[in-house]
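Each remark here refers to the structure printed beneath this line.
The values are calculated or read from the model by the stated rules, or taken from the named source; none is laboratory data. The shown structure was predicted, so the numbers you read here are calculated from the model rather than taken from an experiment. Using ideal geometry, Cβ is built from the backbone for each residue, glycine included, and neighbour counts are taken over all protein chains shown. For accessibility, only protein heavy atoms count, side chains too; no ligands or nucleic acids. Shrake-Rupley method; radii C 1.70, N 1.55, O 1.52, S 1.80 Å.
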Amino acid sequence: MHLSLRLPRLPSILESYTCRVFLIFLIPYALLVYLARLASWHDPTSLFFRENAAYEASYSTVRAAQGTALIEEANNVTGALRVKASPNPTLCVGFASVAREGVSYFESAVGSVLAGLSPVERADLFLILFIAHTEPMQHPAYSEPWLHELADQVLLYDKKGIDIDHIRGLETAEAKTLALEKGLLDYTYLLKACAATGAPYTVMLEDDVVALDGWYHRTKQALRAAERQTEDKKSSKWLYLRLFYTENLLGWNSEEWPTYLLCSLLVASTVLLATLSVRRWRLSSKRFLPNETVFLLCCVCTPLLISLFFATGRVTLRPTPEGVHEMPKFGCCSQGLVFPQGRIMDLAAWYESKGIGYVDMLTEDYANQNGEIRWALTPSVLQHVGSKSSKTSSPIPRKGHRTLTQTLWNFAFEKNDVDTLRQEHEQQLRWGESL
């Protein structure tokens, strides 16, 4: 007796024409997934986001080192003739700084703003460094030569014009929990000091940012563009130009799900109509498009492609165009805002009327209530590098997790190239664009 071994036959569905079509579809689809992974690993709105690699500080580390080198030079070579602001600067640049426990970003922040500026560019800005302590010596930078060498004004609390006892009470450990009152008070105090210089624009920077080489000429060009676009809109009111934002808030927003669903259904319906039209007008194609295959294309392949589109990320597939554009929502945070002189005192009065709150949220409330235009500059010319907040309530990060402060990050900023930016800056100086 002979025994014969027969392999079980594949299920009939795997031998079908429709199954073969699906297997063929999976080949280019797998290639698309691979390309999406390559293109969107730095996109926080993508399913393929590689967090550890995307948060790597590449360009900002180099730029912070350049800023620190400038500060060290100012410390070591005191009394040298340094360029200060001209009688009529265009920009007032203000930093408010408080001492942070165990870390300081203030030096690299100020240094990065000044590093690489030509004498003409430096003279076009009035630099105010605000030591926001009732006892300035509590801030380590106050006793260092560079602070007084580089600043046009070292701003301190005017004990005659402000309730210094109240501010001293805000410096206690209990009052520092969120720093909502003192932080707003300091911001307003500095904002009004910049307004007093008469500069047409005020650049408010936090003390834990890094500015790229060429931030000055890009900001000047952006301000001109903001003025032109405001005029084109037949409006005389714009509140600020944003120099920093994080892409974390620019994803597929849940409140827009009806739009996404409608577009997805429209795409699937278009595929269905296209296949049915081909079957109707080209009878020879009917054998290649049986009902099962039409179902596969419309209800399986198309949804897979739509899912890949959303998984790739909004920042990758619908990036914000370069230049100046409106950002009425999803703009975060207050790391770098430029205010026109004409809006400062009204805004300062608004802050004072509130007395407590987050600067960025209150600014957005003011803009919404008064119909103010808010502009943003892309790409961002600033990076937030402060992994340790100045607020005592900041949570201790768990291993493998980033705090909210650490996630304030502009991923595109780290793509900058040192040589390319330097060449751009030198070209602008030759052409006189930054004058």
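Odds and ends about this structure:
- Taking a straight line from the alpha carbon of Lys220, these aspartates and glutamates sit under 13 Å away, with near neighbours fewer than eight places off in the same chain left out: Glu121, Asp124, Glu433.
- DSSP bridge analysis restricted to the range 70-137 gives an antiparallel fraction near 10%, rounded to the nearest 5.
- Here the accessible area is traced with a 1.4 Å probe on the protein chains. For the range 103-178, carbon and sulfur cover 57 percent of it.
- Checking every one of the GluC sites (Glu not before Pro) in the range 19-106 against DSSP loop status and a limit of 16 other Cβ atoms within 10 Å picks out Glu56, Glu101.
- Partners for Lys233 among aspartates and glutamates (Cα-Cα distance below 15 Å; same-chain residues under 8 apart left out): Glu326, Glu372
- Listed candidates (i) 28.2, 114; (ii) 22.0, 66; (iii) 23.0, 68 - label of the one calculated as Rg and Dmax of the Cα atoms in Å: (i)
- Each Lys and Arg adds +1 at its Cβ and each Asp and Glu adds -1 at its Cβ; summed about the Cα centre, the chain shows a dipole of about 2380 debye.
- Loop sites in the range 19-121: chymotrypsin sites (Phe, Trp or Tyr not before Pro), DSSP, at most 11 other Cβ within 10 Å: none
- For the range 293-389, the relative contact order comes to 42 percent (Cα pairs under 8 Å, sequence separation of at least 6).
- Loop trypsin sites (Lys or Arg not before Pro), the range 170-259, which have at most 12 other Cβ atoms in a 10 Å radius of their Cβ (DSSP): Lys233, Lys234
- Among the listed pairs Lys159/Lys354; Lys159/Lys182; Lys237/Lys329; Lys192/Lys234, those whose Cα-Cα separation exceeds 25 Å are Lys192/Lys234.
- Whole-Hz couplings from phi, Karplus 6.51/-1.76/1.60, listed for the range 32-42; x for Gly and Pro: 5, 4, 5, 5, 5, 5, 5, 7, 10, 5, 9
- By the helix-only formula, in which each DSSP H run with n ≥ 4 contributes -39500 (n - 2.57) and the sum is divided by residues, the chain has a 222 nm mean residue ellipticity of -14000 deg cm²/dmol.
- Beta bridges assigned by DSSP with both partners in the chain are antiparallel in approximately 45 percent of cases.
- Relative contact order of the chain, pairs being alpha-carbon contacts under 8 Å that are 6 or more residues apart, as %: 25
- Full-stretch length increase - Arg20, Leu272 - with 0.36 nm per residue and alpha-carbon distance subtracted: 88.8 nm
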